[in-house]
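The values are calculated or read from the model by the stated rules, or taken from the named source; none is laboratory data. Since the model is a prediction, treat every value here as computed from it, not as a measurement. A quick note on method: Cβ atoms are made from the backbone with ideal geometry, for glycine too, and the neighbour counts reach across all protein chains shown. The accessibility values were calculated without ligands, DNA or RNA, using every heavy atom of the protein model including side chains. Shrake-Rupley method; radii C 1.70, N 1.55, O 1.52, S 1.80 Å.
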Amino acid sequence: MGAEVSGVDLSEPLSEDQLRIIRDAWTEHQVLVFPKQELGPETLLTFSRNFGELDNFSSQPFNRHPEYDEIFMLSNKPIDGKIPPGSTGGQNWHTDLSYTTRPAKATLVYCVEKPLVGGDTMFANMYDAYDTLSPVLQQFLDNIEAVHDVNLITAKRPPEIVAEFARLNPPVVHPAVRVHPESKRKALYVNPRTRCFVGMTEAESAPLIKYLSDHSISPKFIYRHRWSVGDLVMWDNRCLTHLAVGDFDRSEIRHMLRTSTMGDYFGRYEDENAVAEQKRTAGDKKLAVELSTLHD
Ligand SMILES: O=C(O)CCC(=O)C(=O)O
Ligand SMILES: [Fe+2]
């Protein structure tokens, strides 16, 4: 896992040949690092679109780029004197947007500014995590689903943002093991943001989720990226988990731009009826507002 790609300028349009080489290398290595790139929001978006339709981060009530819906800011750089609420670090191991019904495929992060020491990103290989389980546990996991819950994100954020984040993202169900559409390999899709297995109690699920989460971050399954300014790192959320290490001096700036491509796979809400009801009442309220403006 992890490969460095040199000899390409990502701010320029790429040929089909170059893109094929990048896509193949990505399938083979899961994390690609493109050092010494000079990208702005527009060129980052153009490059990212080569790997799929971009998420507009409507699931995120914070840290969105003021001009570009499809860019999320991983940044502790003050805006109008205030540090953004979702600033990086202090999170748990996860795979991007697993708390939505359409989890991310690729995530691309471009490093604009970084602290002198720390602020690395670590990646755990969920193919290896799966492959090294006993056949009996593999078979058990192959046949079950798990609930992913945004409330299990451990990041320090103001309570009103946490509440809005949860309102936007009701719990969802995904298989505990996913087959990667390109490599055809099985990858474990359980991590510390998994609340329980479908059909099992939380008490029954918790020790297994903890075991799998701990097992999947064995040092031999890890690539740790130590950032340099100008790095573009692109990873595959279908077969990896990652962690933004929150060990840096917060008086220093860590400023990165992120895009994510939307996955081809769809999960479902844990409680479809409650979500339909929530949408219906939200729709009713909107209709009431529209009608009242009509009458005015
Ligand atoms: O800041 C990082 O290194 C990664 C942050 C992250 O995990 C995310 O945005 O999903
Ligand atoms: Fe992430």
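Tabulated results
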read-out: Answer residue from region 176-193, given it is without any contact (Cβ under 8 Å) to a residue 60 or more places away in the chain and under 16 Å from Phe140 (Cβ atoms) and is most open to solvent (accessible area, probe 1.4 Å) among those; value: Lys186
read-out: Qualifying strands (runs of 3 or more DSSP E) (wholly inside region 209-283; at least 2 residues being more than 16 Å from ligand 2 (Cβ to nearest atom), surrounded by fewer than 12 Cβ atoms within 10 Å (Cβ to Cβ) and of a type outside the set (Ser, Thr, Tyr)); value: none
read-out: Hey, Gly81 within 16 Å of Val109 (Cβ to Cβ), of a type in the set (Gly, Ala, Ser) and more than 16 Å from ligand 1 (Cβ to nearest atom) or not; value: no
read-out: Among (1) touching a Gly at 6+ places or on another chain (Cβ under 9 Å); (2) over 23 Å from Val229 (Cα atoms), the one test that Phe57 misses; value: (1)
read-out: Hey, Arg49 within 16 Å of ligand 1 (Cβ to nearest atom), among the basic types (Lys, Arg) and within 27 Å of Pro13 (Cα to Cα) or not; value: no
